[in-house]
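These notes concern the structure reproduced below.
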Amino acid sequence: MPQYEHQMLCRIAEQPLTPVVDFGMQPLGNGFLTENEISNEYFFRLQLGFSEESTLLQLLRQPEPERMFHNQYPFFSGTSSVMGTHFQTFATWVIDSGFLGDDPFVVELGCNDGVMLKHFASGGIKHLGIEPAENVAEVANQNGVMTISEFFSESLAESVLERHGPADAILAANVLCHISDLRGVIKGFKKLLKPNGIIAFEDPYLGDIISKTSFDQIYDEHVFLFSAHSVQYAFSLEGIELIDVQAQSTHGGSMRYILANRGAHKISSSVEQTLRQEQKQGLHRIDTFDIFRINIEKSRKNILAELNTLKQRGALVAGYGATSKSTTILNFCGIGPDLVEFICDTTPLKQGKLSPGMHIPVVSHEFFQQNPPDVSILFAWNHGREIMSKESAYIEAGGKFLTHVPHVHYV
Ligand code: TMP
C-alpha cells in the first residue's frame, strides 16, 4: 500500500480516505504545451483514495481549478458527431420527460460549446449555460446559447436564482466528476431547484472503469469516479434522492443519474437493480480496488511489451486522439517519442504542441494521412466505432489500431 504524507478526508463524508492506487507524478491531462513551456511544466501526484463511509472513489488531491479550466482549455464537445447526437438525445429526453413545468427554465453546468443547450435554445426554452472556460463559453454564446463564464458554487446558485428564478432541470454531462467541492455544488442545486424539479447528470461510470480496467479515466480533472452507491450517499445529505439511473455508452461507459427532492417523484426500479448489481461487482468494498490495482499493473506491462516488440520490428507507431486520458497512459507507462512518434488530433488548439509530460508531438489529421503509421494506438478508444468507420481507407491499406481496453489487443 502506498504511503502518504498526511491523511486526506473524503470530500463528502469527511472521514479519512484510504489510499488505493498511486500513479506517481503526473502532468495535467489537458496540459498540451510548447517547447518553451517545458521548463515550467506542472506535475502533481495522482493518487486515488476510497471512503468506506460514502463509497466515493476520489483523487487524494487535485490541482487548483484555474490550472485546469482556463481560456486555452482545448476541449470542444462539438468536435465528435456521435457526442453531438448523444446530447441531442439527452436534450430530447429532458424535454419529453414530463418533469418540466410550464415555461420551464433549464440550467446546464459545464455546457461546453452549447452542444446540448442549443436544442433547448432552438425550441425557445429559457436556459442558462454555466461554463468556466472563457474561450469555450464564447463559442456557446456564438451558437445562440445564453452562457455565463463562471464556476458553479452555492453562491453562484443564489445569484442565478435571484436573476432568473428556480430551475425545472439542472443538467450536467462529464462535469460533476470534475468539481472538487461536490458538497457545495449539491447545496447550490438544492437552492436552485424547483420543489418538483430534477437534476440529471452523467459521468464515466465506476462499474465500467473497473470491469474494463480503463485506468486512463483517472487524471487531474476527474476528481470523482461515481457509482450509484456514492451518488445516492452524496445527495442524500441534502435531502435529494436518486429516482432513476440510465446506463450510457459514451466515454467508454457512463451512467446518467436522475435525482429529485426526497418524495417529489416516484423511484424507478432501475435504482434498486443497479445498486444490487454494484454490490455484486463490489463497488462499495475497498478490496475491489486491490484487484483493480493489479489489473492496472498488468495492463501497463502488456502495453509496454507490445510497443517494445513493435519498436524492435521497426514499425512506425502513432497515437490516434490526443486525449486527456492518454496523458495517464503515456506518463504512467513511461511512453515517449521513442515508442510513439506522434499523436494525431483534429483539435487545432492541440496541434503543433507536445503531449503533457512525455512531449510527443501532436499533429493534424492531414499529417496522419500523409504519414500513415503501421500501428495507431487508439487513445480515443471511447470514439472507436466513429474512428473505425472514418478510417476505413487506412485500415484497408494495412493500418492497424491497438487498444488497451478491456485488455491490450488489435481492434
Ligand atoms: P475525449 O475522449 O475526451 O472525448 O477526447 C477525444 C479527443 O480525440 C479530442 O481531442 C478529439 C480527438 N478526436 C480526433 O482527433 N479524431 C476523431 O475522429 C475523434 C472522434 C476524436
Exactly one of (1) more than 12 Å from the ligand (Cβ to nearest atom); (2) more than 21 Å from ASP216 (Cβ to Cβ); (3) open to solvent by 50 Å² or more (accessible area, probe 1.4 Å) is unmet by ALA315. Its number? (3)
What do you reckon, is GLU297 open to solvent by 50 Å² or more (accessible area, probe 1.4 Å) and either among the small types (Gly, Ala, Ser) or within 14 Å of the ligand (Cβ to nearest atom) (or both)? no
Quick check on my filter: what residues within region 31-68 are open to solvent by less than 40 Å² (accessible area, probe 1.4 Å) and among the small types (Gly, Ala, Ser)? GLY31, GLY49, SER51, SER54
Search result, residues across region 49-93 that are assigned to a loop (DSSP other than H, G, I, E, B) and within 16 Å of the ligand (Cβ to nearest atom): PHE69, GLN72, TYR73, PRO74, PHE75, PHE76, SER80
Scanning region 374-386 for residues that are within 14 Å of the ligand (Cβ to nearest atom) and either more than 19 Å from the chain's Cα centre (by Cα) or open to solvent by 70 Å² or more (accessible area, probe 1.4 Å) (or both), which turns out farthest from ASN295 (Cα to Cα)? ARG385
Report every pair of residues separated by at least 6 positions or lying on different chains whose Cβ atoms are under 9 Å apart, first residue within region 334-362 and of a type in the set (Asp, Glu), second open to solvent by 40 Å² or more (accessible area, probe 1.4 Å) and within 16 Å of the ligand (Cβ to nearest atom). GLU341/PRO361; GLU341/ASN371; ASP345/GLN351
Enumeration of residues in region 387-404 that are within 15 Å of the ligand (Cβ to nearest atom), closer than 14 Å to VAL317 by Cβ and touching a residue at least 60 places away in the same chain (Cβ under 8 Å): PHE401, HIS404
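The values are calculated or read from the model by the stated rules, or taken from the named source; none is laboratory data. What you see is a predicted model, and the numbers here were worked out from it, not measured in a lab. Here Cβ is always computed from backbone atoms with ideal geometry, including for glycine, and neighbour counts include all displayed protein chains. Surface accessibility is based on the protein's heavy atoms, side chains included, excluding ligands, DNA and RNA. Shrake-Rupley method; radii C 1.70, N 1.55, O 1.52, S 1.80 Å.
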